[in-house]
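*Asks:* Next up is a structure, given as structure tokens.
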Amino acid sequence: MGHRLRQKCTSREDGFAIPIAVGLGLIMLLAGMTAILRSQDDRNTAVDKRETARSLTAADTGAIRVQEFLNQYRDVATNSICVNWNTNGTPADYQDDTCSDTTTSLQGASSSSWWVPTTLSTGINAVCSTEPALANAQNTVKNWASRSWRPVDAADASKGEYRIVDYTFTGFNSAEIAGFLTVQGRTNAGQASEAISELQLQIPIFNSLDDLAASLWVRESVTGNPNIASDVIGPCGSTLTATVPGDRALVRLRTEMPAASTPPTTFIKTLTTVANKTLPETGDVPLDPDGVAGSGDEIYRYSIQADKIDGSFSIQPNTRVDMWVTAWSTNSNNYAVDFENKVIVNPCAGYETTCGPFDFRIFGTAPSNTATATFKMNQGTAVCDVFFHFPNYAVTYSATGTIPTQDCGAGTENTGIYWVKSWSGAASSGNTLDQPRAKWVKAYGGLRPPHRIGPIKKWTPQ
């Protein structure tokens, strides 16, 4: 009996072990499958993150290249890429979109777009670039007016592509003066692992009309390394050897200096001397271009031969004076002028909001390439808030003479603005030229340097 009981118990134990073993096997199989599936999900997630990061890098690259383009053609930054898009795809698909802008369909602050580059200003390529001709610059700009994909690296497709979705400019009267750029980047185009990232960002645009004017603009060169407390401007390829403060620059532009001014047919008088004179003199009646008395455009116009600049002179406070410097005599080709040891003053003290160097303008009338068109200055010369437009004159500045007691304010001695052919020579001490008290907004001929492009800000991924 005891033997049968042991057999019965053993039989029951063997039957219970089989389900346990099967159950444990199933659990282990499920755990393995779960681990495999989780590993696959982790791999897919890792791939997705990697491709998203790569597409975002492609978009970053696109944004940087657009900024480089705008910095090269700065006047383009104040115009939208397109005002009237023909949207052929869905809102999220810009591949087939084209621009329908014309010269007559544009309204608002942006009077032209990248798509119509012929309506952009002639300063479109004002910054020195590889395209010297305006037509070449216009073609370059129009090529950017597209929503087509562009390779990050034409030799390596794995780096992805980018495209501009939109660029708009808010206008200088808006609260946030910036260009608003939307750019996309993608990798693995057309594949199951395709990834697209979008960036929305702002590119600050600084209006150059609000910048302080340069004290010196030359058509050819600056030599002698003078100390100049403002920007110095020259043409592309020019030689500019000058020392300027860290917040100023030696700037090279394609913008051409205006030609020598032709004297008007009507003057108040022709001066026979300027020594110790204050203009206008008693009895001088200003010319009124618009014929409306008191409208603020009244101006005193004088003519003088170069050899009659025989001493220091000034103008009355808060008046506008133009002076044309002609040849030494009617039959002479001598245009040489001598401002050494002379003091020329436009007294702006107390009138700073309405007074500046572009209110007292002196024009040199020598034709181009005139050998006698020389302009002499020295450290005995003091100029306060006067504009000199002498585009065909070579300036020489010597360290001779006694520094005058005339002070233009805050210790400055030469706050003039000089647009000349060339400048040579440096002062023995101090600044040769000080920072002018004028902004580009009032510059002669409406000229200005290109707008400045700030670093990208508000970089928002989508």
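The values are calculated or read from the model by the stated rules, or taken from the named source; none is laboratory data. Note that the coordinates shown come from a computational prediction; the quantities given were computed from them, not determined experimentally. For neighbour counting, all protein chains shown are included, and Cβ atoms are generated from backbone atoms with ideal geometry for every residue, glycine included. Ligands, DNA and RNA are stripped out before the accessible areas are found, and what is left, the full protein with its side chains, is counted by its heavy atoms. Shrake-Rupley method; radii C 1.70, N 1.55, O 1.52, S 1.80 Å.
*Asks:* Take every DSSP beta bridge whose two residues both sit in the stretch 230-317, then give the antiparallel share in percent to the nearest 5. Intermediate values should be presented prior to the final figure.
*Replies:* Numbers: 1 of 11 bridges.
Here the share of antiparallel DSSP bridges comes out near 10 percent.
*Asks:* Here is a further query. Quote the FRET efficiency, to the nearest 0.05, computed for T460 versus D310 with a Förster distance R0 of 56 Å and r equal to the Cβ-Cβ distance. List each step's numbers first, then the result.
*Replies:* Working: r = 66 Å, r/R0 = 1.18.
For T460 and D310, the calculated efficiency is 0.25.
*Asks:* So, one more: Using a Förster radius of 25 Å, what is the FRET efficiency between N136 and E256 based on their Cβ-Cβ separation? Nearest 0.05, please.
*Replies:* On the way: r = 17 Å, r/R0 = 0.68.
Plugging the Cβ-Cβ distance into 1/(1 + (r/R0)^6) gives 0.90.
*Asks:* Mind listing the long-range amide H neighbours of R219? Cut-off is under 5 Å, sequence gap 5 or more, other chains count too, H placed in the peptide plane at 1.01 Å from N.
*Replies:* Under 5 Å from the amide H of R219 lie the amide H atoms of V420, K421, S422, each far enough along the sequence or on another chain.
*Asks:* On to the next question. If a/c stays under 1.5 just call it rounded; otherwise compare a/b with b/c (prolate if a/b is bigger, oblate if not). Do that for the stretch 126-227, with a ≥ b ≥ c from the square roots of the Cα gyration tensor eigenvalues. Walk me through the intermediate numbers first.
*Replies:* Numbers: a/c = 2.78, a/b = 1.81, b/c = 1.53.
Prolate.
*Asks:* Counting heavy atoms of the protein chains only and a 1.4 Å probe, report the per residue accessible area for the stretch 208-310 as a whole number of Å². Don't skip to the end; give the middle numbers.
*Replies:* Details: 4930 Å² over 103 residues.
Per-residue accessible area for the stretch 208-310 comes out at 48 Å².
*Asks:* Okay, moving on. Given the peptides 360-366, 114-120, arrange them by the average over their residues of other C-beta atoms within 10 Å, most packed first.
*Replies:* On the way: 360-366: 23.1, 114-120: 21.0.
Packing order, densest peptide first, comes out as 360-366, 114-120.
*Asks:* Related question: What is the packing order of peptides 297-310, 211-224, taking the mean over residues of other C-beta atoms within 10 Å and listing the highest first? Don't skip to the end; give the middle numbers.
*Replies:* Working: 297-310: 18.5, 211-224: 21.1.
The most tightly packed comes first, giving 211-224, 297-310.
*Asks:* May I pose another question? Show the residues, 5+ positions off or on another chain, whose built amide H is closer than 5 Å to the amide H of L240.
*Replies:* Here V222 satisfy the definition.
*Asks:* Which percent of Cα-Cα pairs in the stretch 191-344 sits in each 10 Å bin, short to long?
*Replies:* Pairs per bin, as whole percents: 8, 23, 27, 24, 8, 4, 3, 3, 1.
*Asks:* Run the accessible area of the stretch 184-329 with a 1.4 Å probe and give the carbon-and-sulfur part as a rounded percent.
*Replies:* Numbers: 3100 of 6520 Å².
Summing carbon and sulfur atoms, their accessible area is 48 percent of the total for the stretch 184-329.
*Asks:* Follow-up question, since we're still on this one. At 1.4 Å probe size, with every protein chain present, just tell me what the per residue accessible area of the stretch 327-462 comes to in Å².
*Replies:* Details: 5550 Å² over 136 residues.
Per residue, the stretch 327-462 has 41 Å² of solvent-accessible surface.
*Asks:* Oh, and also: Determine the share of the stretch 337-453's accessible area contributed by carbon and sulfur atoms, expressed in whole percent, with a 1.4 angstrom probe. Provide the component values of the computation, followed by the final result.
*Replies:* Values: 2140 of 4170 Å².
In the stretch 337-453, the share of accessible area belonging to carbon and sulfur is 51 percent.
*Asks:* Between E68 and A192, what FRET efficiency follows from the Cβ-Cβ distance if R0 is 45 Å, with the result rounded to 0.05? Let's see the in-between values first.
*Replies:* Details: r = 34 Å, r/R0 = 0.74.
My answer for the efficiency is 0.85.
*Asks:* Let me ask another. Once both labels are modelled 7 Å past Cα along the beta-carbon direction, what's the T243-T102 spacing in nm?
*Replies:* According to this spin-label approximation, the distance is 6.0 nm.
*Asks:* Using 0.36 nm times the number of residues separating T273 and T223, minus their current alpha carbon distance, what extension gain do you get? Kindly include the intermediate steps, with their values, before the conclusion.
*Replies:* Details: separation 50, 0.36 × 50 = 18.00 nm, distance 3.24 nm.
Stretched fully, the T273-T223 segment lengthens by 14.8 nm.
*Asks:* Amide H of M323 versus every other amide H placed in the peptide plane: which residues, excluding those fewer than 5 positions away on the same chain, fall under 5 Å?
*Replies:* Under 5 Å from the amide H of M323 lie the amide H atoms of Y302, R361, I362, F363, each far enough along the sequence or on another chain.
*Asks:* When you count, for each residue, the other Cβ atoms within 10 Å and take the mean per peptide, how do 166-173, 416-423 rank with the highest first? Could the numbers behind the result be given before it?
*Replies:* On the way: 166-173: 16.1, 416-423: 24.5.
The most tightly packed comes first, giving 416-423, 166-173.
*Asks:* For a test of the definition: using alpha carbon positions, the gyration tensor, and the 1.5 limit on a/c, classify the stretch 374-425 as rounded, prolate or oblate. Mind showing how you got there, number by number?
*Replies:* Values: a/c = 2.98, a/b = 1.41, b/c = 2.12.
Taking the square roots of the gyration eigenvalues as a ≥ b ≥ c, the stretch 374-425 is oblate.
*Asks:* Still on this structure, I have one more. For K376, list the lysines whose Cα falls under 29 Å from its own Cα; do not include residues on the same chain fewer than 8 positions away.
*Replies:* In chain and number order, the partners are K269, K277, K308, K342, K421, K439, K442.
*Asks:* Taking 0.36 nm per residue of separation and subtracting the Cα-Cα distance, what length does fully extending N173 through N84 add? Before the final figure, lay out each step's value.
*Replies:* Numbers: separation 89, 0.36 × 89 = 32.04 nm, distance 2.24 nm.
Between N173 and N84, full extension yields 29.8 nm more.
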